1. Packing-wise, with mean Cβ within 10 Å as the measure, how do A:50-59, A:185-194 rank, highest first?
2. I'd like to know which of B:W49, B:A155, B:F179 lies farthest towards the positive end of the charge dipole of segment B:44-212, counting +1 on Cβ of Lys and Arg and -1 on Cβ of Asp and Glu.
3. How large is Rg over Rh for segment B:82-214, taking Rg from the Cα atoms and Rh as the Kirkwood inverse mean of 1/r across Cα pairs?
4. Across the residues of B:136-146, average count of Cβ atoms on other protein chains within 10 Å?
5. For B:113-126, what's the mean count of beta carbons from other chains sitting within 10 Å of each residue's beta carbon?
There are 2 protein chains.
Amino acid sequence: MDLSRSGKESGDIAIPVREVKSSRSGKGAPPVVVASTTRLGQVPPTAGWRRGVGIIDLILRICAIATTLAAAAAMGTTSQNLPFFTQFFQFQASYDDFPTFTFFLAGNAITCAYLVLSLPFSIVCIVRPHIIGARMLLLIFDTLVLALTMAAASAAAAVVYLAHNGNPNTNWPALCQQFNEFCPRVSGAVVGSFLGVLILTVLVVLSAAALRRN
Amino acid sequence: MDLSRSGKESGDIAIPVREVKSSRSGKGAPPVVVASTTRLGQVPPTAGWRRGVGIIDLILRICAIATTLAAAAAMGTTSQNLPFFTQFFQFQASYDDFPTFTFFLAGNAITCAYLVLSLPFSIVCIVRPHIIGARMLLLIFDTLVLALTMAAASAAAAVVYLAHNGNPNTNWPALCQQFNEFCPRVSGAVVGSFLGVLILTVLVVLSAAALRRN
């Protein structure tokens, strides 16, 4: 079992190392060909599978870029002024009135930027499926970015929930009755961010599956 | 003759893969090849490394159980009544006044329960390092639980932030000036939960590293 595994490993590197050529065609010595496998015959079982995973990885990554970019854009461009104002200030709501929404915007922007920067590595994983380091790097940073996006999305979701419902125990009034344009857009941004989280989770599991078939 | 030569060679290179023991030193007697390899001699390069990772995994898992359990317990047992009350109701704060804190409690309890249930699988990964399925299973569920804990912790953190600071734009008053016992304990619970998230992140990366050395 160990020997066959090491054989697989040498197959991964795709160098047909062991060719035994028996020069002597002596009396009782038949020519023994040990490793007569072709390169193409060795590689596919893992490399082809990994290449497929890499292509799915690339597509999912582009989808995640779209969702996180949309979430950040929707949050960043939403602003609503109410038509009435007091003598002190006009009521207006935008993302920078809420620290949580600023964090949401920053988190999604960082995730989006990381995903764009990770595209070359993902392509490397398709072109050269045996480079494990790139896959490992992607998995580590995907996990970190998954945590960041989840933090941003759920913190914003908690505040959006409060804005919709308020909290009578603490005298926090519901905000969305007045800001009837602001709230739906922010909710949509949160939903988009959660979609990004979902895709990132799949990406992490896919990367682990690609690492498994070593 | 050929075999005896190979026996000499193996003796020279001192790799105890196959030992050739020729019991009879007769002229035409074929030497008997006995595969006397010890298990420990074959396994080390990957299995020993994986076993080390498994032990770290188990220790970190127990730490994560402690942190999430402490977070859930601190959140669940915190309740404070204020000494004054209006004609309508007495002011009191506990976790079930805030849906976010209820989610925090549930999320941390689920994570803690999962981690306890995952201990046998982690032990299996130490005892039988070549079982990749268990490791893969742990990685997938660790990722899901990481996302859940992160969601719970950051949603609660957003509400705790509001409770500490309030939000003048939306007339949400700061709560912690009155509930001076409730707020610190809840903040501590959130910190504990974030510690659990940190440990889970390390666990995911460790599992991926163990899968890599396949």
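1. A:185-194, A:50-59
2. My answer, from the dipole projection, is B:W49.
3. 1.16
4. What the average comes to for B:136-146 is 4.
5. 0
Laboratory data are not the source of any read-out in this text; all were calculated from the coordinates shown. From a predicted model like this one, the values you see are computed outputs, not experimental measurements. Ideal geometry is used to build each Cβ from the backbone, glycine not excepted, and the neighbour counts take in all protein chains shown.
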